[in-house]
Amino acid sequence: MSIKDVFSLNEGAEVTIRGWVYRKRELKDKIFLVVRDGSGIIQAVINKSDPNTAGIASKLNIESSLMLTGVVKKEPRAPGGAEVHVRSIDWYYIGDPFPINEDAAKADSEYLLDVRHLWIRSRRMWAILRVRHTVFGAIHEFFRSRGYYEVQGPMFVSAAVEGGATLFPVKYFDREDVYLTQSSQFYLEVLIYTLEKVYTVAPSFRAEPSRTRRHLTEFWHAEAEEAWLQFDGLLNLLEDLITYIVNKVLEERQDELKLLNRDTKILENVKPPFYRVSYDEAIEILQSKGLNIKWGDDIGADEERVLTMQFDKPILLHHFPEQVKAFYHRNDPSRPGTTLSVDVLAPEGYGEIVGGGERIYDYEELLSKIKKFGLKPEDYDWYLDLRRYGSVPHAGFGLGVDRLVMWVCGLDHIRDALPFPRDIRRVKP
Ligand SMILES: NC(=O)C[C@H]([NH3+])C(=O)NS(=O)(=O)OC[C@H]1O[C@@H](n2cnc3c(N)ncnc32)[C@H](O)[C@@H]1O
Ligand SMILES: [Mg+2]
(Lines give C-alpha, C1' and ligand atoms only; values in the text may rest on other atoms or scores of the structure.)
(Ligands and ions follow the chains in the order given, each with its own letter.)
Protein backbone atom coordinates (compact mmCIF):
# COMPACT_ATOMS: atom_id res chain seq x y z
CA MET A 1 0.00 0.00 0.00
CA SER A 2 1.24 3.54 -0.68
CA ILE A 3 1.96 5.59 2.45
CA LYS A 4 -0.55 8.29 1.47
CA ASP A 5 -3.38 5.72 1.51
CA VAL A 6 -2.54 4.56 5.06
CA PHE A 7 -3.89 7.82 6.48
CA SER A 8 -7.39 7.01 5.25
CA LEU A 9 -7.49 3.69 7.20
CA ASN A 10 -9.11 3.17 10.57
CA GLU A 11 -7.21 2.64 13.79
CA GLY A 12 -6.18 -1.05 14.10
CA ALA A 13 -5.93 -1.76 10.38
CA GLU A 14 -2.93 -3.89 9.40
CA VAL A 15 -0.77 -2.48 6.58
CA THR A 16 2.36 -3.37 4.68
CA ILE A 17 4.44 -0.54 3.26
CA ARG A 18 7.81 -0.30 1.57
CA GLY A 19 10.12 2.62 1.03
CA TRP A 20 13.19 4.28 2.45
CA VAL A 21 14.27 5.45 5.90
CA TYR A 22 13.96 9.24 5.86
CA ARG A 23 14.64 9.94 9.53
CA LYS A 24 15.63 7.68 12.45
CA ARG A 25 15.43 8.35 16.18
CA GLU A 26 16.46 5.75 18.79
CA LEU A 27 15.17 6.07 22.38
CA LYS A 28 15.67 3.79 25.36
CA ASP A 29 12.59 1.64 24.67
CA LYS A 30 11.62 2.52 21.11
CA ILE A 31 13.00 3.23 17.64
CA PHE A 32 11.12 5.80 15.55
CA LEU A 33 11.60 5.57 11.80
CA VAL A 34 10.13 8.12 9.40
CA VAL A 35 9.60 6.09 6.23
CA ARG A 36 9.07 7.71 2.82
CA ASP A 37 7.81 6.42 -0.49
CA GLY A 38 6.75 8.24 -3.67
CA SER A 39 3.48 9.34 -2.05
CA GLY A 40 4.66 10.75 1.27
CA ILE A 41 6.02 9.94 4.73
CA ILE A 42 4.79 8.12 7.82
CA GLN A 43 6.20 7.38 11.24
CA ALA A 44 6.87 3.73 12.11
CA VAL A 45 7.38 2.74 15.75
CA ILE A 46 9.47 -0.30 16.72
CA ASN A 47 9.27 -1.52 20.29
CA LYS A 48 12.68 -2.58 21.59
CA SER A 49 10.99 -5.33 23.63
CA ASP A 50 10.59 -7.18 20.30
CA PRO A 51 14.17 -8.36 19.53
CA ASN A 52 13.42 -9.31 15.91
CA THR A 53 12.08 -6.00 14.71
CA ALA A 54 14.40 -3.99 16.99
CA GLY A 55 17.45 -5.95 15.84
CA ILE A 56 16.76 -5.13 12.21
CA ALA A 57 15.64 -1.54 12.81
CA SER A 58 18.82 -0.73 14.74
CA LYS A 59 20.92 -1.76 11.69
CA LEU A 60 19.11 0.61 9.31
CA ASN A 61 20.73 3.81 7.97
CA ILE A 62 19.09 6.91 6.56
CA GLU A 63 17.94 5.91 3.03
CA SER A 64 18.07 2.15 3.73
CA SER A 65 15.32 0.50 1.68
CA LEU A 66 12.83 -1.59 3.64
CA MET A 67 9.46 -3.25 3.90
CA LEU A 68 7.38 -3.40 7.07
CA THR A 69 4.03 -4.64 8.30
CA GLY A 70 2.24 -3.13 11.27
CA VAL A 71 -0.93 -1.74 12.81
CA VAL A 72 -2.24 1.79 12.21
CA LYS A 73 -2.56 3.97 15.33
CA LYS A 74 -3.92 7.53 15.37
CA GLU A 75 -1.25 9.78 16.90
CA PRO A 76 -1.66 13.59 16.64
CA ARG A 77 2.08 14.13 17.29
CA ALA A 78 3.10 12.00 14.29
CA PRO A 79 3.34 13.49 10.77
CA GLY A 80 -0.15 13.30 9.23
CA GLY A 81 -1.71 12.30 12.60
CA ALA A 82 -1.13 8.57 12.38
CA GLU A 83 1.72 6.05 12.75
CA VAL A 84 2.36 2.35 12.18
CA HIS A 85 3.28 0.11 15.13
CA VAL A 86 5.61 -2.40 13.50
CA ARG A 87 5.01 -6.14 13.76
CA SER A 88 7.60 -7.23 11.18
CA ILE A 89 10.33 -5.44 9.21
CA ASP A 90 12.91 -6.43 6.65
CA TRP A 91 15.42 -4.53 4.55
CA TYR A 92 16.30 -4.61 0.86
CA TYR A 93 19.48 -2.60 1.20
CA ILE A 94 21.16 -1.10 4.27
CA GLY A 95 23.48 1.27 2.38
CA ASP A 96 26.40 3.51 3.39
CA PRO A 97 25.94 6.46 5.76
CA PHE A 98 23.95 9.01 3.73
CA PRO A 99 26.17 12.03 2.81
CA ILE A 100 23.48 14.69 3.38
CA ASN A 101 22.70 15.41 7.01
CA GLU A 102 20.24 18.03 8.23
CA ASP A 103 23.03 20.61 8.68
CA ALA A 104 24.31 20.15 5.11
CA ALA A 105 20.76 20.46 3.89
CA LYS A 106 20.58 23.95 5.42
CA ALA A 107 24.14 24.99 4.66
CA ASP A 108 25.73 24.77 1.27
CA SER A 109 23.60 25.10 -1.87
CA GLU A 110 26.57 24.33 -4.13
CA TYR A 111 27.15 21.07 -2.26
CA LEU A 112 23.47 20.18 -2.63
CA LEU A 113 23.88 20.75 -6.39
CA ASP A 114 26.93 18.44 -6.43
CA VAL A 115 24.83 15.73 -4.77
CA ARG A 116 21.54 16.61 -6.54
CA HIS A 117 21.25 12.93 -7.55
CA LEU A 118 20.76 12.24 -3.80
CA TRP A 119 19.24 15.55 -2.64
CA ILE A 120 16.45 14.84 -5.14
CA ARG A 121 15.06 12.51 -2.44
CA SER A 122 14.46 15.42 -0.02
CA ARG A 123 10.92 16.48 0.89
CA ARG A 124 11.58 19.87 -0.70
CA MET A 125 12.56 18.45 -4.07
CA TRP A 126 9.75 15.88 -3.82
CA ALA A 127 7.25 18.72 -3.44
CA ILE A 128 8.74 20.80 -6.27
CA LEU A 129 8.80 17.81 -8.65
CA ARG A 130 5.13 17.10 -7.95
CA VAL A 131 4.19 20.72 -8.65
CA ARG A 132 6.30 20.52 -11.83
CA HIS A 133 4.40 17.37 -12.86
CA THR A 134 1.09 19.24 -12.49
CA VAL A 135 2.42 22.22 -14.49
CA PHE A 136 3.50 20.05 -17.44
CA GLY A 137 0.22 18.14 -17.37
CA ALA A 138 -1.78 21.38 -17.30
CA ILE A 139 0.10 22.73 -20.33
CA HIS A 140 -0.75 19.65 -22.39
CA GLU A 141 -4.38 19.62 -21.16
CA PHE A 142 -4.84 23.29 -21.96
CA PHE A 143 -3.58 23.11 -25.52
CA ARG A 144 -5.14 19.76 -26.41
CA SER A 145 -8.54 20.80 -25.00
CA ARG A 146 -8.41 23.86 -27.30
CA GLY A 147 -7.56 21.93 -30.46
CA TYR A 148 -3.81 22.56 -30.65
CA TYR A 149 -1.70 19.72 -32.07
CA GLU A 150 1.46 18.68 -30.29
CA VAL A 151 4.42 18.80 -32.65
CA GLN A 152 8.20 18.63 -32.35
CA GLY A 153 10.93 20.82 -33.79
CA PRO A 154 14.55 19.67 -34.25
CA MET A 155 17.22 20.19 -31.60
CA PHE A 156 20.02 20.64 -34.19
CA VAL A 157 19.47 23.88 -36.15
CA SER A 158 21.37 26.16 -38.52
CA ALA A 159 20.41 29.69 -37.38
CA ALA A 160 19.60 31.86 -34.38
CA VAL A 161 16.06 32.74 -33.38
CA GLU A 162 16.93 34.91 -30.38
CA GLY A 163 20.23 36.40 -31.41
CA GLY A 164 23.64 34.87 -32.06
CA ALA A 165 25.10 35.71 -28.65
CA THR A 166 23.47 32.75 -26.91
CA LEU A 167 23.85 30.12 -29.65
CA PHE A 168 25.48 26.85 -28.59
CA PRO A 169 27.64 25.58 -31.50
CA VAL A 170 27.62 21.79 -31.88
CA LYS A 171 30.48 19.65 -33.17
CA TYR A 172 28.43 18.19 -36.03
CA PHE A 173 30.70 15.93 -38.11
CA ASP A 174 32.78 18.28 -40.26
CA ARG A 175 30.25 21.16 -40.19
CA GLU A 176 30.81 24.46 -38.38
CA ASP A 177 27.29 25.90 -38.80
CA VAL A 178 25.18 23.70 -36.51
CA TYR A 179 23.72 24.83 -33.16
CA LEU A 180 21.42 23.66 -30.40
CA THR A 181 17.97 25.14 -30.76
CA GLN A 182 17.18 28.35 -28.84
CA SER A 183 13.46 28.04 -29.60
CA SER A 184 11.23 25.84 -31.78
CA GLN A 185 9.31 28.92 -32.96
CA PHE A 186 10.32 28.92 -36.62
CA TYR A 187 9.40 25.24 -36.97
CA LEU A 188 6.03 25.89 -35.36
CA GLU A 189 5.54 28.65 -37.92
CA VAL A 190 6.10 26.02 -40.63
CA LEU A 191 3.60 23.69 -39.03
CA ILE A 192 0.71 26.17 -38.76
CA TYR A 193 0.36 25.89 -42.55
CA THR A 194 -0.72 22.29 -42.14
CA LEU A 195 -2.23 22.08 -38.64
CA GLU A 196 -3.07 25.78 -37.98
CA LYS A 197 -2.76 25.51 -34.17
CA VAL A 198 0.38 23.81 -32.81
CA TYR A 199 2.34 23.57 -29.59
CA THR A 200 5.47 21.88 -28.33
CA VAL A 201 7.08 21.29 -24.94
CA ALA A 202 10.80 20.72 -25.44
CA PRO A 203 14.22 21.79 -24.23
CA SER A 204 15.76 25.01 -25.54
CA PHE A 205 19.40 25.97 -25.15
CA ARG A 206 21.03 29.33 -24.47
CA ALA A 207 24.78 29.88 -23.97
CA GLU A 208 24.16 32.17 -20.99
CA PRO A 209 27.59 33.33 -19.79
CA SER A 210 26.45 34.38 -16.32
CA ARG A 211 24.84 32.44 -13.46
CA THR A 212 21.68 34.31 -12.50
CA ARG A 213 18.68 33.20 -10.41
CA ARG A 214 16.53 32.82 -13.51
CA HIS A 215 18.77 31.68 -16.36
CA LEU A 216 19.71 28.12 -17.35
CA THR A 217 21.73 26.93 -20.33
CA GLU A 218 19.13 24.20 -20.92
CA PHE A 219 15.53 25.01 -20.06
CA TRP A 220 12.08 23.60 -20.76
CA HIS A 221 10.15 25.66 -23.24
CA ALA A 222 6.42 25.43 -23.96
CA GLU A 223 5.81 27.16 -27.28
CA ALA A 224 2.68 27.66 -29.33
CA GLU A 225 1.88 29.16 -32.74
CA GLU A 226 -1.51 29.82 -34.30
CA ALA A 227 -2.54 30.81 -37.81
CA TRP A 228 -4.89 33.85 -38.02
CA LEU A 229 -4.20 34.72 -34.33
CA GLN A 230 -3.61 38.42 -33.83
CA PHE A 231 -2.44 40.54 -30.96
CA ASP A 232 -5.54 40.89 -28.76
CA GLY A 233 -6.31 37.19 -29.18
CA LEU A 234 -2.75 36.39 -28.15
CA LEU A 235 -3.07 38.44 -24.95
CA ASN A 236 -6.30 36.62 -24.04
CA LEU A 237 -4.71 33.24 -24.81
CA LEU A 238 -1.78 34.00 -22.51
CA GLU A 239 -4.10 35.03 -19.67
CA ASP A 240 -6.12 31.83 -20.10
CA LEU A 241 -3.03 29.58 -20.21
CA ILE A 242 -1.31 31.02 -17.13
CA THR A 243 -4.61 31.07 -15.20
CA TYR A 244 -5.32 27.44 -16.15
CA ILE A 245 -1.90 26.24 -15.01
CA VAL A 246 -1.96 28.15 -11.71
CA ASN A 247 -5.49 26.95 -10.92
CA LYS A 248 -4.47 23.34 -11.58
CA VAL A 249 -1.56 23.68 -9.15
CA LEU A 250 -3.81 25.23 -6.50
CA GLU A 251 -6.34 22.43 -7.06
CA GLU A 252 -3.89 19.51 -6.95
CA ARG A 253 -0.81 20.60 -4.95
CA GLN A 254 -1.94 22.33 -1.72
CA ASP A 255 0.08 19.89 0.45
CA GLU A 256 3.23 20.47 -1.59
CA LEU A 257 2.80 24.27 -1.59
CA LYS A 258 2.34 24.11 2.20
CA LEU A 259 5.51 22.02 2.55
CA LEU A 260 7.30 24.73 0.53
CA ASN A 261 5.86 27.42 2.84
CA ARG A 262 4.37 29.08 -0.26
CA ASP A 263 1.94 31.93 0.51
CA THR A 264 -0.70 31.20 -2.12
CA LYS A 265 -2.64 34.46 -1.75
CA ILE A 266 -1.23 36.00 -4.91
CA LEU A 267 -1.63 32.73 -6.85
CA GLU A 268 -5.32 32.73 -5.89
CA ASN A 269 -5.52 36.19 -7.47
CA VAL A 270 -4.33 34.95 -10.88
CA LYS A 271 -7.34 35.34 -13.19
CA PRO A 272 -8.11 37.47 -16.25
CA PRO A 273 -7.76 40.28 -16.93
CA PHE A 274 -4.09 40.60 -16.11
CA TYR A 275 -2.64 44.08 -15.98
CA ARG A 276 -1.87 45.30 -19.50
CA VAL A 277 1.02 47.73 -19.35
CA SER A 278 2.60 49.21 -22.47
CA TYR A 279 6.37 49.60 -22.68
CA ASP A 280 5.82 53.39 -22.67
CA GLU A 281 3.83 53.19 -19.42
CA ALA A 282 6.44 50.87 -17.91
CA ILE A 283 9.22 53.35 -18.64
CA GLU A 284 7.20 56.09 -16.95
CA ILE A 285 6.56 53.91 -13.87
CA LEU A 286 10.24 52.96 -13.61
CA GLN A 287 11.38 56.56 -14.01
CA SER A 288 8.88 57.60 -11.32
CA LYS A 289 10.51 54.99 -9.06
CA GLY A 290 13.87 56.66 -9.62
CA LEU A 291 15.37 54.17 -12.06
CA ASN A 292 17.81 55.57 -14.59
CA ILE A 293 16.08 54.25 -17.71
CA LYS A 294 15.01 55.95 -20.96
CA TRP A 295 12.73 55.05 -23.83
CA GLY A 296 14.49 52.53 -26.10
CA ASP A 297 16.35 50.75 -23.29
CA ASP A 298 15.63 47.08 -22.65
CA ILE A 299 13.67 46.21 -19.53
CA GLY A 300 15.77 43.63 -17.70
CA ALA A 301 15.47 41.59 -14.51
CA ASP A 302 16.09 44.49 -12.13
CA GLU A 303 13.53 46.72 -13.84
CA GLU A 304 11.03 43.85 -14.04
CA ARG A 305 11.45 43.28 -10.30
CA VAL A 306 10.55 46.91 -9.52
CA LEU A 307 7.66 46.83 -11.98
CA THR A 308 6.12 43.58 -10.74
CA MET A 309 6.23 44.73 -7.12
CA GLN A 310 3.72 47.44 -8.11
CA PHE A 311 1.07 44.91 -9.14
CA ASP A 312 -0.79 42.01 -7.49
CA LYS A 313 -1.14 39.72 -10.49
CA PRO A 314 0.77 38.98 -13.74
CA ILE A 315 1.47 41.84 -16.15
CA LEU A 316 1.19 41.71 -19.95
CA LEU A 317 4.01 44.08 -20.90
CA HIS A 318 3.50 44.95 -24.55
CA HIS A 319 4.62 47.11 -27.49
CA PHE A 320 8.37 46.93 -26.98
CA PRO A 321 10.49 49.15 -29.24
CA GLU A 322 11.68 47.35 -32.38
CA GLN A 323 15.33 47.50 -31.30
CA VAL A 324 14.90 45.53 -28.06
CA LYS A 325 13.06 42.60 -29.68
CA ALA A 326 14.05 39.95 -32.25
CA PHE A 327 13.75 40.67 -35.98
CA TYR A 328 10.64 38.54 -36.59
CA HIS A 329 8.35 40.69 -34.41
CA ARG A 330 5.72 42.51 -36.48
CA ASN A 331 5.80 46.30 -36.13
CA ASP A 332 2.54 47.90 -35.07
CA PRO A 333 1.26 49.66 -38.20
CA SER A 334 -0.43 52.24 -35.98
CA ARG A 335 2.68 52.85 -33.90
CA PRO A 336 5.83 52.58 -36.10
CA GLY A 337 8.99 51.85 -34.15
CA THR A 338 7.10 49.65 -31.72
CA THR A 339 6.21 45.98 -32.13
CA LEU A 340 3.15 43.83 -31.46
CA SER A 341 5.22 42.00 -28.83
CA VAL A 342 4.34 40.91 -25.32
CA ASP A 343 6.14 39.55 -22.29
CA VAL A 344 4.23 38.06 -19.36
CA LEU A 345 5.80 39.17 -16.09
CA ALA A 346 5.05 37.10 -13.01
CA PRO A 347 4.39 39.14 -9.86
CA GLU A 348 6.38 39.15 -6.61
CA GLY A 349 9.58 40.16 -8.41
CA TYR A 350 9.81 37.04 -10.58
CA GLY A 351 9.48 38.87 -13.91
CA GLU A 352 9.50 37.42 -17.41
CA ILE A 353 8.02 33.96 -17.81
CA VAL A 354 6.71 34.34 -21.40
CA GLY A 355 7.92 36.08 -24.56
CA GLY A 356 5.80 36.30 -27.70
CA GLY A 357 3.94 38.42 -30.23
CA GLU A 358 2.62 38.73 -33.74
CA ARG A 359 5.05 37.66 -36.48
CA ILE A 360 5.84 39.59 -39.66
CA TYR A 361 3.89 37.79 -42.39
CA ASP A 362 4.79 40.01 -45.34
CA TYR A 363 7.81 38.78 -47.36
CA GLU A 364 9.33 42.18 -48.19
CA GLU A 365 8.80 43.47 -44.64
CA LEU A 366 10.55 40.43 -43.18
CA LEU A 367 13.41 40.57 -45.68
CA SER A 368 14.03 44.25 -44.99
CA LYS A 369 13.98 43.67 -41.21
CA ILE A 370 16.46 40.78 -41.52
CA LYS A 371 18.80 43.12 -43.41
CA LYS A 372 18.12 46.01 -41.00
CA PHE A 373 19.17 43.75 -38.11
CA GLY A 374 22.42 42.89 -39.94
CA LEU A 375 21.43 39.25 -40.46
CA LYS A 376 22.12 37.18 -43.57
CA PRO A 377 18.94 36.46 -45.60
CA GLU A 378 20.48 33.17 -46.75
CA ASP A 379 20.48 31.98 -43.13
CA TYR A 380 16.69 32.43 -43.16
CA ASP A 381 15.91 31.22 -46.67
CA TRP A 382 13.34 28.59 -45.67
CA TYR A 383 11.85 30.91 -43.02
CA LEU A 384 11.35 33.56 -45.73
CA ASP A 385 9.73 30.91 -47.96
CA LEU A 386 6.83 30.77 -45.51
CA ARG A 387 6.01 34.32 -46.64
CA ARG A 388 6.27 33.44 -50.32
CA TYR A 389 3.57 30.81 -50.33
CA GLY A 390 0.18 31.48 -48.70
CA SER A 391 1.41 33.60 -45.84
CA VAL A 392 -1.13 34.45 -43.14
CA PRO A 393 -1.23 36.66 -40.05
CA HIS A 394 -0.11 34.58 -37.09
CA ALA A 395 1.16 34.90 -33.55
CA GLY A 396 2.75 32.76 -30.86
CA PHE A 397 4.80 32.67 -27.72
CA GLY A 398 7.27 30.75 -25.58
CA LEU A 399 6.68 29.98 -21.89
CA GLY A 400 9.74 29.24 -19.77
CA VAL A 401 8.31 26.30 -17.80
CA ASP A 402 11.13 26.24 -15.24
CA ARG A 403 10.60 29.95 -14.54
CA LEU A 404 6.88 29.37 -14.08
CA VAL A 405 7.59 26.49 -11.65
CA MET A 406 10.04 28.77 -9.81
CA TRP A 407 7.34 31.43 -9.41
CA VAL A 408 4.48 29.08 -8.50
CA CYS A 409 6.63 27.32 -5.88
CA GLY A 410 8.03 30.62 -4.59
CA LEU A 411 11.64 29.52 -5.14
CA ASP A 412 14.69 31.78 -4.83
CA HIS A 413 16.55 30.16 -7.70
CA ILE A 414 15.51 28.51 -10.98
CA ARG A 415 17.97 25.64 -10.40
CA ASP A 416 15.56 24.20 -7.78
CA ALA A 417 12.69 24.24 -10.28
CA LEU A 418 13.99 21.20 -12.20
CA PRO A 419 15.76 17.95 -11.32
CA PHE A 420 19.09 18.46 -13.12
CA PRO A 421 19.86 22.16 -13.70
CA ARG A 422 22.47 23.22 -16.23
CA ASP A 423 24.41 26.50 -16.19
CA ILE A 424 27.83 27.74 -17.32
CA ARG A 425 29.57 25.82 -14.54
CA ARG A 426 27.43 22.71 -14.18
CA VAL A 427 26.88 19.73 -16.45
CA LYS A 428 26.63 16.99 -13.83
CA PRO A 429 25.04 15.05 -12.13
N1 LIG B 1 7.89 30.80 -29.54
C2 LIG B 1 8.31 32.01 -29.12
O3 LIG B 1 7.75 33.06 -29.46
C4 LIG B 1 9.47 32.06 -28.15
C5 LIG B 1 10.56 33.02 -28.59
N6 LIG B 1 11.24 32.58 -29.83
C7 LIG B 1 11.60 33.05 -27.48
O8 LIG B 1 12.45 32.18 -27.38
N9 LIG B 1 11.42 34.11 -26.62
S10 LIG B 1 12.35 34.31 -25.32
O11 LIG B 1 13.74 34.35 -25.70
O12 LIG B 1 11.81 35.43 -24.59
O13 LIG B 1 12.17 32.99 -24.44
C14 LIG B 1 10.84 32.61 -24.10
C15 LIG B 1 10.80 32.33 -22.60
O16 LIG B 1 11.74 31.30 -22.30
C17 LIG B 1 12.29 31.52 -21.00
N18 LIG B 1 13.74 31.59 -21.12
C19 LIG B 1 14.44 32.22 -22.07
N20 LIG B 1 15.77 32.07 -21.85
C21 LIG B 1 15.88 31.32 -20.71
C22 LIG B 1 16.98 30.83 -19.96
N23 LIG B 1 18.25 31.04 -20.33
N24 LIG B 1 16.73 30.09 -18.85
C25 LIG B 1 15.45 29.86 -18.47
N26 LIG B 1 14.34 30.30 -19.13
C27 LIG B 1 14.59 31.02 -20.24
C28 LIG B 1 11.70 32.81 -20.47
O29 LIG B 1 10.59 32.50 -19.64
C30 LIG B 1 11.24 33.50 -21.75
O31 LIG B 1 10.13 34.37 -21.52
MG1 LIG C 1 12.21 37.20 -23.71
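If you go through the range 169-177 one residue at a time, do you hit one that is open to solvent by 30 Å² or more (accessible area, probe 1.4 Å) and touching a helix residue (DSSP H, G or I) at 6+ places or on another chain (Cβ under 6 Å)?
No, that holds for no residue.
What are the residues in the range 200-232 that are within 14 Å of ligand 2 (Cβ to nearest atom) and charged (D, E, K, R), if any?
Correct list: 206, 208, 214, 223.
Name the helices (runs of 4 or more DSSP H) wholly within the range 300-419 that hold at least 2 residues that are under 31 Å from the mean Cα position of the chain (by Cα) and under 25 Å from residue 188 (Cα atoms)?
On the way: elements: 301-308, 363-372, 381-385, 401-409.
By residue number, 401-409.
Might you let me know whether the range 385-398 holds any residue that is more than 16 Å from ligand 2 (Cβ to nearest atom) and either in contact with a strand residue (DSSP E or B) (Cβ under 6 Å, 6 or more places away or on another chain) or at pLDDT below 95 (or both)?
Narrowing the range 385-398 to residues more than 16 Å from ligand 2 (Cβ to nearest atom): 385-394.
Okay, now just the ones that are also either in contact with a strand residue (DSSP E or B) (Cβ under 6 Å, 6 or more places away or on another chain) or at pLDDT below 95 (or both), so 392, 394.
Checked the range 385-398: at least one residue is more than 16 Å from ligand 2 (Cβ to nearest atom) and either in contact with a strand residue (DSSP E or B) (Cβ under 6 Å, 6 or more places away or on another chain) or at pLDDT below 95 (or both).
Take residue 117 and decide whether it is assigned to a helix (DSSP H, G or I) and touching a Pro at 6+ places or on another chain (Cβ under 6 Å).
So residue 117 fits the description; yes.
Criterion first (touching a Phe, Trp or Tyr at 6+ places or on another chain (Cβ under 8 Å), surrounded by fewer than 22 Cβ atoms within 10 Å (Cβ to Cβ) and of a type in the set (Phe, Trp, Tyr)) does residue 244 satisfy it? Don't jump to the end; show me each part of the working.
On the way: touching a Phe, Trp or Tyr at 6+ places or on another chain (Cβ under 8 Å): yes; surrounded by fewer than 22 Cβ atoms within 10 Å (Cβ to Cβ): yes; of a type in the set (Phe, Trp, Tyr): yes.
Considered against the rule, which asks whether it is touching a Phe, Trp or Tyr at 6+ places or on another chain (Cβ under 8 Å), surrounded by fewer than 22 Cβ atoms within 10 Å (Cβ to Cβ) and of a type in the set (Phe, Trp, Tyr), residue 244 comes out as yes.
Table: residues versus (1) open to solvent by 10 Å² or more (accessible area, probe 1.4 Å); (2) touching a residue at least 24 places away in the same chain (Cβ under 8 Å).
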site: 351; (1), (2): no, yes
site: 354; (1), (2): no, yes
site: 370; (1), (2): no, yes
site: 373; (1), (2): yes, yes
site: 376; (1), (2): yes, no
site: 385; (1), (2): yes, no
site: 399; (1), (2): no, yes
site: 408; (1), (2): no, yes
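Going by what's in this entry, would residue 423 be described as crowded, with 17+ Cβ neighbours inside 10 Å and either closer than 14 Å to residue 246 by Cα or within 11 Å of the chain's Cα centre (by Cα) (or both)?
On the way: crowded, with 17+ Cβ neighbours inside 10 Å: yes; either closer than 14 Å to residue 246 by Cα or within 11 Å of the chain's Cα centre (by Cα) (or both): no.
It is false that residue 423 is crowded, with 17+ Cβ neighbours inside 10 Å and either closer than 14 Å to residue 246 by Cα or within 11 Å of the chain's Cα centre (by Cα) (or both).
Anything in the range 198-233 that is buried (at least 17 other Cβ atoms within 10 Å of the Cβ) and over 21 Å from the mean Cα position of the chain (by Cα)? List them, or say none.
Residues satisfying the conditions are 226, 227, 229, 231.
Would you be able to say whether some residue in the range 292-312 is surrounded by 15 or more Cβ atoms within 10 Å (Cβ to Cβ), more than 27 Å from residue 272 (Cβ to Cβ) and of a type in the set (A, V, I, L, M, F, W, C)?
Yes - at least one qualifying residue is present in the range 292-312.
Out of 239, 281, which single residue is in a helix (DSSP H, G or I), at pLDDT 95 or above and out of contact with any Phe, Trp or Tyr (no Cβ under 6 Å at 6 or more places or on another chain)?
Being in a helix (DSSP H, G or I), at pLDDT 95 or above and out of contact with any Phe, Trp or Tyr (no Cβ under 6 Å at 6 or more places or on another chain) holds for just one of 239, 281, which is 281.
If residue 350 meets every condition in (1) more than 16 Å from ligand 1 (Cβ to nearest atom); (2) within 27 Å of residue 270 (Cβ to Cβ) apart from one, which number is that one?
Residue 350 satisfies every listed condition except (1).
For a quick check of your reading of the model, give me the residue pairs whose first member lies in the range 201-220 and is over 17 Å from residue 401 (Cβ atoms), whose second is part of a strand (DSSP E or B), with beta-carbon atoms closer than 6 Å and at least 6 apart or on different chains.
207/168; 211/423
Can you tell me which residue among 195, 238 is over 16 Å from residue 393 (Cβ atoms) and surrounded by fewer than 20 Cβ atoms within 10 Å (Cβ to Cβ)?
Criteria check complete, one pass: 195.
Can you tell me how many residues within the range 120-165 are small (Gly, Ala, Ser), surrounded by fewer than 13 Cβ atoms within 10 Å (Cβ to Cβ) and touching an Asp or Glu at 6+ places or on another chain (Cβ under 9 Å)?
1
Applying the selection to the range 160-209, what residues are more than 12 Å from ligand 1 (Cβ to nearest atom), within 23 Å of residue 376 (Cα to Cα) and part of a loop (DSSP other than H, G, I, E, B)?
Across the range 160-209, the qualifying residues are 167, 170, 171, 174, 176, 177, 178.
Show me the strands (runs of 3 or more DSSP E) found entirely inside the range 6-113 where at least 2 residues are among the hydrophobic types (A, V, I, L, M, F, W, C), open to solvent by 30 Å² or more (accessible area, probe 1.4 Å) and not assigned by TED's automatic domain parsing to the domain that holds residue 259.
Result: empty, no element qualifies.
Taking the range 335-349, which residues are buried (at least 24 other Cβ atoms within 10 Å of the Cβ) and more than 12 Å from ligand 2 (Cβ to nearest atom)?
339, 340, 346
The values are calculated or read from the model by the stated rules, or taken from the named source; none is laboratory data. Treat the numbers as computed from the prediction; the structure is a model and nothing was measured. As a convention, Cβ positions derive from the backbone with ideal geometry for all residues, glycine included, and neighbour counts pool all protein chains shown. Accessible surface is based on the protein model in full, side chains and every heavy atom, while ligands, DNA and RNA are left aside. Shrake-Rupley method; radii C 1.70, N 1.55, O 1.52, S 1.80 Å.
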